[in-house]
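Step one of this worksheet: look at the structure below.
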Amino acid sequence: MFQTLYSYFWWERLWLPANLTWADLEDRDGRVYAKASDLYITLPLAFLFLVVRHLFETYVATPLAGLLNVKEKVRLKATPNAVLERFYAATSKHPKQADVEMLSKKSGCTVRQVERWFRRRRNQDRPSLLKKFREASWRFTFYLIAFIAGMAVIVDKPWFYDLREVWKGYPIQSVLPSQYWYYMIELSFYWSLLFSIASDVKRKDFKEQIIHHVATIILISFSWFANYVRAGTLIMALHDSSDYLLESAKMFNYAGWRNTCNNIFIIFAAVFIITRLVILPFWIMHCTMVYPLDLYPAFFGYYFFNFMMVVLQSLHIFWAYLIIRMAQKFITGKVVEDERSDREETDNSEEEEEVAKNGPLSNGHPVLNNNHRKTD
């Protein structure tokens, strides 16, 4: 039965145009073609990426955080309470008012003490500033190197300047070693992101991130073994062109360099909108949807590839909405923050009491009276 399913999955009519078979893509005369078996190397490479990431974050990102004066906020810990902890772990981290009153009676705490306990307990579970900085540093480094490498791979190719060249001779198009490694490294990196997503900083678009990683892995994998390599290299380089800007803006944000962060973010927003909402749909997707039909009738692989492109484009529209919201805050003079991040909660009621006694507080401690302001 497995053999039957295997045969149906690799049926040429699914993945290749009419009158072509996998035999047409076998290596010959010194020309090498993309093969599905090439992708096996990406899984061990993904685990190697996780090891390299750990070393990078420990020996590069952490010292860099110290140089940029990335400081942790002082978080007030929730007092150990078995009743509240049990509810927090098993029922909800955000109890309703009725639950708060019930927990107040069971735990012997006042309603305000219960609310304060849950605020502090949620803050304890939030990722530290150093963790966020290290993660952003790793992604910035990869995306920057990947973008430079991607441009080096495609800038001298004719299809970089004339998109009709993407389909010239398709699918009998040999691949170069540079294209092979560009593909394998990009795919391995996205596998590593998927493997580490549970332990990485969770944001409000967590589900969208999973969809994005899965769709990207499927799209890269399919475009390789169906020999959509020329289109694939263009798409990957286009995506990397803005990602490193976002990660660098995050790094400066965590370091407290607000002006630098905001300026980089505006550049990122412009590049993102131009590449993801203009070039991708009106040039690249037009190339993958329209030009192939001049050469061969549509087949399953054609529909599958373009469907995954539509999924990615839908996510781009969603993220563009968040980016525009942040850009509006910048224009109106507000501090730009990542709309996807979970904000730190403060003990407002407690601070009001302390202000009355001791003056203004910062993270539970009196603030020195000075007029100095951190700038970049």
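In segment 1-20, how many residues are free of Cβ contacts under 8 Å to residues at least 60 places away in the same chain and either assigned to a helix (DSSP H, G or I) or assigned by the TED database to the domain that holds Phe222 (or both)? Give the steps one after another, and end with the answer.
Filtering segment 1-20 for residues free of Cβ contacts under 8 Å to residues at least 60 places away in the same chain gives 1-12, 19.
The next check asks that each one be either assigned to a helix (DSSP H, G or I) or assigned by the TED database to the domain that holds Phe222 (or both); those that pass are 2-9, 12.
Result for segment 1-20: 9.
Can you tell me which residue is most open to solvent (accessible area, probe 1.4 Å) among those in segment 21-51 that are free of Cβ contacts under 8 Å to residues at least 40 places away in the same chain and in a helix (DSSP H, G or I)?
Of the residues in segment 21-51, the ones free of Cβ contacts under 8 Å to residues at least 40 places away in the same chain are 21-23, 26-30, 37, 40, 44, 51.
Restricting the remaining residues to those that are in a helix (DSSP H, G or I) gives 22-23, 37, 40, 44, 51.
Numbers: Trp22: 65, Ala23: 47, Ser37: 64, Tyr40: 173, Pro44: 80, Val51: 82 Å².
Taking the candidates together, the pick is Tyr40.
State whether the residues of segment 128-141 include one that is open to solvent by less than 40 Å² (accessible area, probe 1.4 Å), within 26 Å of Asn227 (Cα to Cα) and assigned by the TED database to the domain that holds Glu186.
no
Among the residues of segment 93-112, is any in contact with a Lys or Arg (Cβ under 6 Å, 6 or more places away or on another chain) and at pLDDT 95 or above?
Here is the first cut: in segment 93-112, the ones in contact with a Lys or Arg (Cβ under 6 Å, 6 or more places away or on another chain) are 93.
Imposing the further condition that a residue be at pLDDT 95 or above reduces the set to none.
Checked against the condition, which is being in contact with a Lys or Arg (Cβ under 6 Å, 6 or more places away or on another chain) and at pLDDT 95 or above, segment 93-112 yields no hits at all.
The values are calculated or read from the model by the stated rules, or taken from the named source; none is laboratory data. Keep in mind the model is a prediction, meaning the values are calculated, not measured. All Cβ positions, glycine included, derive from the backbone under ideal geometry; neighbour counts span all protein chains shown. We work out accessible area using only protein heavy atoms, side chains counted, and drop any ligands, DNA or RNA first. Shrake-Rupley method; radii C 1.70, N 1.55, O 1.52, S 1.80 Å.
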